[in-house]
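Below is one structure, written out as structure tokens; the observations come after it.
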Amino acid sequence: MIIVFLDRDGTLIEDSGYFGRDSNWKRDLRIYDGVIEGIKLLNRHGIQVVVVSNQSGVARGLYDEERVEEINREIDARLREEDAHVEGWYYCLYVGKKYLGERELSPEDIADGYLDDEKAECRKPRTGMLEEVVRDLGVTLEEVQGYIVGDSLTDVKTGLNAGIKPIFVRNGINDNEEEKVRKKLESELKRIYFADNFYEAIEWIVEDSA
């Protein structure tokens with residue numbers, strides 16, 4: 001089984017940070033060029049497509065879980081209108097104590113119930129969310145040929161941690177993230193594919209998985 005794990009914000013849709021905190025989010029929702037065509041290409045090759053997204057905006061109190069699901073449903077509907085199909089939408093709402101130190105946040109910055117080290121195992125770059133996906137599909141990560149497409153260091157590290165192939169996709173505003181990847185993962189660069197856009201990433205996956 002071949003599975004492609006797709007990040008959401010900054011990969012499928014344009015996002016300047018915590019998409020969904022604006023009540024007019026639907027007006028601002030823009031799917032990147034090449035996303036619909038790329039997903040349809042995966043569909044034609046029988047490759048499983050799932051979305052895996054950190055949503056710490058819920059933990060920060062910027063929006064609630066229902067907003068996350070509303071956005072997922074809206075994106076999914078727009079994709080399906082064009083016959084592009086995603087098999088599942090997964091997200092992680094939780095953060096752990098390590099995250100607080102990295103982001104210079106205190107426990108008081110996190111909404112009640114969302115600071116939980118155990119539940120935060122789903123949070124990328126940990127692999128819990130990916131493991132949930134494959135459990136639902138009746139397999140393990142070791143049994144699949146997997147790829148993850150994302151716009152951040154976190155997405156790339158998730159792929160490396162899970163033993164699948166990471167693809168870093170440039171979106172026009174993530175040059176700093178690419179610099180982080182190249183600096184912090186210098187010894188792993190041969191395992192990472194850098195794509196100029198989403199469709200190029202998918203073309204590479206299809207060719208590599210053939």
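The values are calculated or read from the model by the stated rules, or taken from the named source; none is laboratory data. Computed from a prediction, not measured in an experiment: that's the story for all the values here. Positions of Cβ are backbone-derived with ideal geometry, glycine not excepted, and every protein chain shown enters the neighbour counts.
Anything in the stretch 35-67 that is among the small types (Gly, Ala, Ser) and at pLDDT below 95? List them, or say none. Scanning the stretch 35-67 gives 56, 57, 59, 61.
Evaluating residue 108 against the criteria (1) modelled with pLDDT of 95 or more; (2) over 17 Å from the mean Cα position of the chain (by Cα) leaves one unmet condition, (1).
Looking only at the stretch 26-35, residues that are surrounded by fewer than 16 Cβ atoms within 10 Å (Cβ to Cβ) and in contact (Cβ under 8 Å) with a residue 40 or more places away in the chain come to 2 in all. When the residues of the stretch 189-205 are filtered to those that are out of contact with any helix residue (DSSP H, G or I) (no Cβ under 6 Å at 6 or more places or on another chain) and part of a helix (DSSP H, G or I), which remaining residue is surrounded by the fewest Cβ atoms within 10 Å (Cβ to Cβ)? Among those that are out of contact with any helix residue (DSSP H, G or I) (no Cβ under 6 Å at 6 or more places or on another chain) and part of a helix (DSSP H, G or I), it is 190.
For residue 171, the requirement of being more than 20 Å from residue 93 (Cα to Cα) and in contact with a Gly (Cβ under 8 Å, 6 or more places away or on another chain) is met.
For the stretch 179-187, the condition of being β-branched (Val, Ile, Thr), assigned to a helix (DSSP H, G or I) and either surrounded by 15 or more Cβ atoms within 10 Å (Cβ to Cβ) or out of contact with any Lys or Arg (no Cβ under 7 Å at 6 or more places or on another chain) (or both) holds for at least one residue. How many of the residues making up the stretch 1-56 are more than 30 Å from residue 210 (Cβ to Cβ) and among the hydroxyl-bearing types (Ser, Thr, Tyr)? Going through the stretch 1-56 one residue at a time, the tally reaches 4. Scanning the stretch 76-119 for residues being assigned to a helix (DSSP H, G or I), more than 22 Å from residue 2 (Cβ to Cβ), of a type outside the set (Asp, Glu) and touching a Leu at 6+ places or on another chain (Cβ under 9 Å) gives a total of 6. Count of the stretch 134-170 residues, restricted to those that are in a helix (DSSP H, G or I) and either within 21 Å of residue 55 (Cβ to Cβ) or without any contact (Cβ under 8 Å) to a residue 40 or more places away in the chain (or both), is 15. Filtering the stretch 152-170 down to residues that are within 15 Å of residue 4 (Cβ to Cβ) and among the charged types (D, E, K, R), which residue is surrounded by the most Cβ atoms within 10 Å (Cβ to Cβ)? Per the stated criteria, the residue is 155. Residue 172 falls short on exactly one of the conditions (1) within 27 Å of residue 14 (Cβ to Cβ); (2) touching a Phe, Trp or Tyr at 6+ places or on another chain (Cβ under 7 Å), and that condition is (2). Screening the candidates 185, 189, 115, 153 for the property of being at pLDDT below 95, more than 19 Å from residue 89 (Cβ to Cβ) and not β-branched (Val, Ile, Thr) yields one hit, 115.
What's the total number of residues in the stretch 42-75 that are surrounded by fewer than 20 Cβ atoms within 10 Å (Cβ to Cβ), touching an Asp or Glu at 6+ places or on another chain (Cβ under 7 Å) and part of a helix (DSSP H, G or I)? Result for the stretch 42-75: 0. Are any of the residues in the stretch 26-45 of a type in the set (Gly, Ala, Ser) and out of contact with any helix residue (DSSP H, G or I) (no Cβ under 7 Å at 6 or more places or on another chain)? Within the stretch 26-45, none of the residues are of a type in the set (Gly, Ala, Ser) and out of contact with any helix residue (DSSP H, G or I) (no Cβ under 7 Å at 6 or more places or on another chain). Check the stretch 6-21 and report whether any residue there is surrounded by fewer than 17 Cβ atoms within 10 Å (Cβ to Cβ) and over 27 Å from residue 175 (Cβ atoms). Checked against the condition, which is being surrounded by fewer than 17 Cβ atoms within 10 Å (Cβ to Cβ) and over 27 Å from residue 175 (Cβ atoms), the stretch 6-21 yields no hits at all.
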